[in-house]
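Okay, so here's the structure we're looking at.
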Amino acid sequence: MLARRLVQLYAGLALYGASASLTILSALGNDPWDVLHQGLSRQTGIGTGVWVCIAGALVMLLWIPLRQRPGIGTLSNVVVVGVVMELCLRAFDPASDPAARWTLLITGVVLNGVATGLYIGARFGPGPRDGLMTGLAARGMSLRAVRTGIEVTVLAAGIALGGTAGIGTVIYALAIGPLAHVFVPAFTVAPTRAAAAATPA
């Protein structure tokens, strides 16, 4: 069971990085965090995937006052997603043909939903950005308000830095919730009976 969960975790994280790179390569608009990562990359010359790792590590520092505990999935998220994204972005050029751009965008968004289900369903801890949101919500703030506030902030900052926002950003924002609603339950690994029995009621 543990081996299956680890395989699912790392497959999900690798797919997340690859699918996010497809969206970026479409040049039709990134998800809000990747607008920020790309904007930082364009201002500094450091790769977008590298900024995914840096930003993830910095966000995890904000967990400390929130008393959030990272899991192996959290720590792996900081490294694997960014590294895979960086490799993909270095290997391929952005698409120019309109049909290819839309294919990359739609494929990237759907696979991102699958990847979210895989790595969350492995039950090794949330990603650093999700953990920040749930940590703030646990302090009495509305999860919806926290998520909206953070994503609007990083999107605005990313646009100001030159990151790509557009129709793809809107499609991602509208689609990722329903996709996660389908794929997270589909890929969630049920606890073993022993683990369930050891969990306090």
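Scanning segment 159-173 for residues that are open to solvent by 30 Å² or more (accessible area, probe 1.4 Å), under 14 Å from T23 (Cβ atoms) and assigned to a helix (DSSP H, G or I) turns up I167, V170, I171, A173. Could we say that A156 is among the aliphatic types (A, V, I, L, M), open to solvent by less than 80 Å² (accessible area, probe 1.4 Å), modelled with pLDDT of 90 or more and touching a Ser or Thr at 6+ places or on another chain (Cβ under 9 Å) here? Judged against the criteria, A156 is not a match.
Residue count for segment 94-108, restricted to those that are assigned to a helix (DSSP H, G or I) and farther than 13 Å from A18 by Cβ: 8.
Checking the stated criteria, A55 turns out not to satisfy the condition of being modelled with pLDDT of 95 or more, over 15 Å from T23 (Cβ atoms), open to solvent by 60 Å² or more (accessible area, probe 1.4 Å) and small (G, A, S).
Scanning segment 128-151 for residues that are part of a helix (DSSP H, G or I), open to solvent by 40 Å² or more (accessible area, probe 1.4 Å) and either at pLDDT 95 or above or among the charged types (D, E, K, R) (or both) yields a total of 4.
Would you point out which residue out of F183, F124 is assigned to a loop (DSSP other than H, G, I, E, B) and either over 28 Å from A27 (Cα atoms) or in contact (Cβ under 8 Å) with a residue 60 or more places away in the chain (or both)? If you could, list the steps in order and put the result at the bottom.
On the way: F183 fails: assigned to a loop (DSSP other than H, G, I, E, B).
Selected residue: F124, the only one of F183, F124 that is assigned to a loop (DSSP other than H, G, I, E, B) and either over 28 Å from A27 (Cα atoms) or in contact (Cβ under 8 Å) with a residue 60 or more places away in the chain (or both).
The values are calculated or read from the model by the stated rules, or taken from the named source; none is laboratory data. This structure is a prediction, so every number in the text was calculated from the model and none was measured. Methodologically, a virtual Cβ is constructed for each residue, glycine included, from the backbone with ideal geometry; neighbour enumeration extends over all protein chains shown. Note: areas computed on protein heavy atoms with side chains; ligands, DNA, RNA excluded. Shrake-Rupley method; radii C 1.70, N 1.55, O 1.52, S 1.80 Å.
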